[in-house]
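The values are calculated or read from the model by the stated rules, or taken from the named source; none is laboratory data. Just so we're clear, the structure is a prediction, and the values are computed from it rather than from any experiment. Here the Cβ is made from the backbone with ideal geometry for all residues, glycine too, and neighbour counts use every protein chain on show. Each accessible area value is taken on the protein alone, full model and side chains, heavy atoms only, with ligands, DNA and RNA left out. Shrake-Rupley method; radii C 1.70, N 1.55, O 1.52, S 1.80 Å.
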Amino acid sequence: MKPSLPLPIDSLLPEIVQALRDGTSLLVEAPPGAGKTTRVPGALLDAGIPGEVVVLQPRRLPARLAAERVAEERGGRVGDLVGYTIRFEDVSGPATRLRFVTEGVLVRRLLAHPRLDGVGAVLLDEFHERHLATDLTLALLRELQNGPRPDLRLVVMSATLEADPVRAYLGQCPVVRSEGRVFPVDTEYLQRPDDRPLSDQVAGTVRRLILDGLEGDLLVFLPGAAEIRRCAEALAPLADQRGLLVLPLHGELPFAEQNRAVRPAQRPKVILSTNVAETSVTIDGVVAVIDSGLARIAAHSPWTGLPTLMTDKISQASAIQRAGRAGRTRPGRAVRLYTKHDFDSRRPFDLPEIARLDLAEPLLMLHALGVRDPQRFPWFEAPPPVAMSAARELLRRLGAVAEDGTMTEVGLQMLRFPVHPRLARLVVEGERRGVGPAAATLAAMVAEGDIADEDRAGGDLLERLDRFEQARAARFSRDRLRGLGVNGRRAEAVEKARRQLDARVKRGPPSSPEATDEALAIATLAAFPDRVMRRRAVGASDAVVAVGGNAEVPSMPPDELLVGVDLAERGVASGRGRSGVRVRLAVGIQAEWLLDLLPDALESTDQLVWNAQTERVDRLSRLGYGLVTLEETRRPAEPSAEASRLLEVEARASGFEESSSGELAVRLELLEMAAPDQGGQLAVACEGRTSLAELREADLHGLSRLDPGLQQRLRTETPERVRLPSGREATVHYEAGKPPWIESRLQDFFGATAGPTICRGRVPLTIHLLAPNGRAVQVTRDLSGFWRQHYPAIRRELGRKYPRHAWPEDGANALPPPRRK
């Protein structure tokens, strides 16, 4: 065994081993650099823990580097006693007993071997990152411990963690804590926000630290590969001048370039890294850290329904972890490219992925393991019920899970492919239609993102597939990539994913290009059944989405019916006042494919509707898929009670009664409004009719149509004249669009606190109160309020103008003037 430098965790290894001899669960807390990742697994191996020791890592790079370091420290070669298995690569053999794996690999192993036979211990490293797959794995392992594998050892290891909930979940297991070896780190903040590009900020800060006499390596935390490339370009002049090595570090780099970044070098290094170096990767020689405060955070796109990455602020805990990388071997410096106020306003810890990501993939795994009701599954932290419900609905739409929670044959086939259930469904449907390899390529393209290099408004997914195949045929030569407008980095990522899927695909007989395109389009529909949309008109750039909302769609493909695959949210459309999504990639489909593939989702309706253009009732027959109309026929409705009711509603809304007759129509409407249970003349007229034209031809309000009972109600409830308090009579005016009203001299209302009413007291009349010259001085329906509020002022004015008339102070209690004979 090769000698290795002592690490803080070494003194605790006997305690850790003893705890796992006495029990089966353990929680290890140790800061970055304490040695938990490399020393604890080896200690269990040396202690004779039976079976294989499996170490779960959140990312591929740390898994590989940890395996290499442990193998090196033990004097062996990676792939022998110590190995690793990550996506796209398995470096292990028959003698491997200590294996570093990524989360997805371990979940897949549990699917293939639910008892984990041959595994003696599983270590969940960097648990504080709370990845969704880690949460799922922890719960599955606890189920094993509580069931068929009580001998399975389970160790949760973390740098920063709220320990009590984890300890309780593990049955109040022991906790071993290492203080680590940390030197003081001087942390600096910006005095005010810096609006310059991030690359300029980083270059300026590196220059300042170098001029301050910094000796050692610099670690710069950036959100992603694009920012790393821009910062490297900005640092190139300074690097040439000062002899610096500017090295990128992220998960998509070739292993040789990753090793250059983490291994010691002859010259000072500026390592431009994603958050992969935050806790899992130890880089000796770092004396200063520059923290952008940003990271690519795993998220779920509600529009594509697929996992995605978004740039967001890191938590306070992550910022502290980053700064601590500068205090490993001596006092260090950390420069945060944000203000102290910004830091204080951030959340203390990152939100667990289980609280914010799509749950379709873990739910599919649980169903495959026989869990029919994932809601009752003993999660470490239960997911939001809304997210669980959405995931169950998606799996049902994909045909992976039956209504009772059992796996379907389609769902079992989908499990063969290590991708999101949507993309697994795409490949399975492609296999069924004889285009499995092409479907695997298409799924890889959707997973890795649009390969087009240019910034386009949108395009045809099958056209992108054709471009990729041309690039692949040319072995991704730079000249050919440029000519095709293909992004080389994305194309290589697609090729990696394609090879992985292609190795699992069932082959079928070759078919014509036209048949292949149709089969791929149907397979895409099977994967995105909730992304069906229809252009509002032939060639229109706007579409109606089946599940609701609007979409801006590209001109290609030109089909009327589309499946949107790559979508982005848009704001309110300029000039249209409508929000929705913008479709970047789509596939054209045919209506009959929906009938073939998703017959249960189609809805046939037959209803009566109002046709505003023809002013008639129509019978509308519609075959729809959600809000998307596939077929529609419209014809004039036959007379019926329902048609008559609809005609009456529309006639009333259009003001038909007011326009069809005068005073008599208004009186009839008043009767119906005051006592709707009595029915109305319009309802009578609509019987047996379906259009306004038929109503216009009818003698709707003629007296010949009025039955005797209705005539009597008209005379008594909507009289032509009413008697006033003075004994005089006033004519009641009935006008369309106005309440009924009367007019008379103000003196005629002396001694009255309420005005006259009609319709058995249910409709008060509007009163026009006239001065002696016959002009209205007030219009009111509240006579009592008039006496209190307005009469005193009117009395003074009229008293001056008409002194010969009596104007008592209290009009409400005064006697009306005697009637003139």
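Applying both filters, DSSP loop and at most 12 other Cβ atoms within 10 Å, to the GluC sites (Glu not before Pro) of the stretch 401-499 gives Glu403, Glu454. Our estimate of slack between Ala503 and Leu369, defined as 0.36 nm per intervening residue step minus the Cα-Cα distance, is 45.9 nm. Across the stretch 196-205, rounded Karplus estimates of 3J(HN,Hα) from the backbone phi angles (6.51 cos²θ - 1.76 cosθ + 1.60, θ = phi - 60°) give 5, x, 4, 4, 5, 4, 5, 4, x, 5 Hz, Gly and Pro being marked x.
Probe radius 1.4 Å, ligands and nucleic acids ignored: give me the carbon and sulfur share of the accessible area of the stretch 1-96 as a rounded percent. For the stretch 1-96, the apolar C and S fraction of the accessible surface comes to 55 percent. If R0 is 45 Å, the Cβ-Cβ spacing of Glu15 and Asp344 corresponds to a FRET efficiency of close to 0.75.
At a probe radius of 1.4 angstrom, the accessible area of the chain per residue rounds to 46 square angstrom.
In the chain, helical runs assigned H by DSSP with n ≥ 4 each contribute -39500 (n - 2.57); averaged across all residues and rounded to the nearest 500, the mean residue ellipticity at 222 nm is -11000 deg cm²/dmol. With contacts taken as Cα pairs under 8 Å at a separation of at least 6 residues, the chain carries a relative contact order of 7 percent. Rounded to the nearest 10 degrees, the inclination of helix 421-432 to the longest alpha-carbon principal axis of the chain is 80 degrees. Just going by the charge dipole of the chain, with Lys and Arg at +1 and Asp and Glu at -1 on Cβ, which of Leu351, Gly370, Thr516 is farthest out on the positive end? Looking along the dipole axis, the top candidate is Leu351.
Here the stretch 602-623 is scanned for amide nitrogen atoms under 18 Å from the site 7 Å beyond the Cα of Arg634 along Cα-to-Cβ, giving 605-623.
Please arrange Phe417, Phe476 by accessible surface area, largest first, computed with a 1.4 Å probe and ligands excluded. Spell out each step's value before the answer.
On the way: Phe417 0, Phe476 45 Å².
Ranked from most to least accessible, the order is Phe476, Phe417.
For the stretch 77-162, applying the loop criterion from DSSP together with a ceiling of 15 other beta carbons within 10 Å to the GluC sites (Glu not before Pro) yields Glu162.
Would you work out the Kirkwood radius for the chain? I mean one over the mean of 1/r across all pairs of different Cα atoms, in Å.
Computed over Cα pairs of the chain, the Kirkwood hydrodynamic radius comes out at 33.5 Å.
Ordered from highest to lowest accessible area with the whole protein assembly present and a 1.4 Å probe, Tyr734, Tyr169 read as Tyr169, Tyr734. Give me the angle, in degrees from 0 to 90, between the Cα long axis of helix 488-502 and the longest principal axis of the Cα atoms of the chain, rounded to the nearest 10. The helix 488-502 is inclined about 80 degrees to the chain. Relative to the Cα centre, the charge distribution of the stretch 466-570, modelled as +1 at Lys and Arg Cβ and -1 at Asp and Glu Cβ, gives a dipole magnitude of about 640 debye. Centre-to-centre separation between the Cα atoms of the stretch 1-78 and those of the stretch 373-424: 35 Å. Computed from Cα positions, the angle between helix 708-717 and the longest principal axis of the chain comes to roughly 90 degrees.
Go through the stretch 62-131 and name the chymotrypsin sites (Phe, Trp or Tyr not before Pro) that are in a DSSP coil and have 12 or fewer other Cβ atoms within 10 Å of their Cβ.
Numbers: sites: Tyr84, Phe88, Phe100, Phe127; in loops: Phe88.
Qualifying residues, ordered by number: Phe88.
Of the solvent-accessible surface of the stretch 207-287, computed with a 1.4 Å probe and all protein chains present, 49% belongs to carbon and sulfur.
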